[in-house]
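The values are calculated or read from the model by the stated rules, or taken from the named source; none is laboratory data. Since the structure is predicted, the reported quantities are computational estimates derived from the model, not experimental observations. Glycine also receives a Cβ, built like all others from the backbone with ideal geometry; neighbour counts cover every protein chain displayed. Just so you know, the surface numbers come from the protein's heavy atoms only, side chains and all, with ligands and any DNA or RNA stripped out. Shrake-Rupley method; radii C 1.70, N 1.55, O 1.52, S 1.80 Å.
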Amino acid sequence: TCATGASSVLRSAPVDGFRLAYERAGTGPPVVLLHGWPGDHADYRAVTPRLRDGADVIVCDLRGFGASDKHPQDPATAYSAAAQARSVLGLIDELGLSAPVIAGYDIGSRIAQTIARTAPERVRAIVVCPPLPGVGERVLSPGAQREFWYQAFHQLQLAEALIDGRPDAVRAYLGHFWSHWSGPAYQPSDADLDRLVETYGPPGAFAASIGWYRAGSGTVASGLSEVVPDARDRIPVPTAVLWPEHDPLFPPAWGDRVDEFFAAATLEPVAGVGHFVPLEAPDVFASAVGAAVARAEQA
């Protein structure tokens, strides 16, 4: 039995040559869950059991992550938000899902937003945690730069030379983020770190995972290039935003501009937790997804 409660790991048909590994559990309206960096589909191991009695839950490894394909291609075309969105939409089409609720945090949030912005008819609602648009030049503040240094580091070949294919380095590097970004009541277990090393430790795995940042999809690059859309061009899909109290990357004050980018968004503070909301507050995350499903079914 898999960690998320599905019976087996499946593989999608290729999109742009990339096949996604995914798990499926439960029955009911469709829900697609998208993970973050540095994680994989198991980021939702505590959420899926809370949803599967009332939803058809699909959890995938994104391109370049976990058991999904990793190809040494130009990151700008292979691992960007648009490219990741194409793979997720391809999986939705392949499975015949009718306008699912899509939920995500970290890079999964960005991909969910990309789908909601570019193909709003394909998704019923989204549930997301930071990052959200509206950061702007605040990402250049001294405090923010002390947190976002890794995005510049990931642009360097030095990142691969020091970390890729070196399990001890992978453990130390990724362990830092899981410890530093989480809230005061959460600490990843040794077993969790062991699993991360198994996922990110093989040669090429870490390098593929940072293709996202090399494609210019990280918060520093996207924040500095964002433009406030015309009111008619705001993301029209119903959006529930869960904003954690203790995320060092995205302080709650940065949630002040959500309505400039979304036409129908609600923002719910999540007390006591950090960046990894699906693992730190699975009840809150699952409840928000369940509520989005219920609203969509009533609409």
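Just a few scattered comments:
- Screening P229, P248 for residues that are open to solvent by less than 70 Å² (accessible area, probe 1.4 Å), touching a residue at least 24 places away in the same chain (Cβ under 8 Å) and under 24 Å from L193 (Cα atoms) leaves exactly one candidate, P248.
- Hits in the range 131-144 - residues which are touching a Ser or Thr at 6+ places or on another chain (Cβ under 7 Å) and either outside any helix (DSSP H, G or I) or acidic (D, E) (or both): P131, V135
- Residue within the range 274-290 that is more than 21 Å from H35 (Cβ to Cβ) and modelled with pLDDT of 95 or more present: no
- Options E160, E147: the member that is in contact with a helix residue (DSSP H, G or I) (Cβ under 9 Å, 6 or more places away or on another chain) and either more than 24 Å from W243 (Cβ to Cβ) or not in a helix (DSSP H, G or I) (or both): E160
- Any hit, the range 10-24, residues being within 21 Å of D164 (Cα to Cα), of a type in the set (A, V, I, L, M, F, W, C), touching a residue at least 12 places away in the same chain (Cβ under 8 Å) and part of a loop (DSSP other than H, G, I, E, B): no
- Residue satisfying all of: in the range 190-226; open to solvent by less than 50 Å² (accessible area, probe 1.4 Å) and of a type in the set (S, T, N, Q); nearest to D43 (Cα to Cα) among these: T199
- Any chance L132 is modelled with pLDDT of 95 or more, open to solvent by less than 30 Å² (accessible area, probe 1.4 Å), of a type in the set (A, V, I, L, M) and closer than 18 Å to S225 by Cα: yes
- Failed item in (1) open to solvent by 80 Å² or more (accessible area, probe 1.4 Å); (2) in contact with a His (Cβ under 6 Å, 6 or more places away or on another chain), with D168 passing the rest: (2)
- Of the criteria (1) farther than 14 Å from S12 by Cβ; (2) in contact with a Lys or Arg (Cβ under 8 Å, 6 or more places away or on another chain); (3) at pLDDT 95 or above, which one A76 fails: (3)
- Residues in the range 257-281 that are open to solvent by 20 Å² or more (accessible area, probe 1.4 Å) and under 24 Å from G26 (Cα atoms): L279, E280.
- Selection of the range 101-122 for residues being buried (at least 24 other Cβ atoms within 10 Å of the Cβ) and either over 16 Å from the mean Cα position of the chain (by Cα) or not in a loop (DSSP other than H, G, I, E, B) (or both) yields V101, I102, A103, G104, I107, G108, S109, R110, I111, A112, Q113, I115.
- Residue check, W254 out of contact with any Gly (no Cβ under 6 Å at 6 or more places or on another chain), assigned to a helix (DSSP H, G or I) and over 22 Å from H41 (Cβ atoms): yes
- Cβ separations smaller than 8 Å between residues 6+ apart or across chains give the following pairs from the range 210-223 residues that are over 11 Å from A81 (Cα atoms) to residues that are among the acidic types (D, E): G223/E137.
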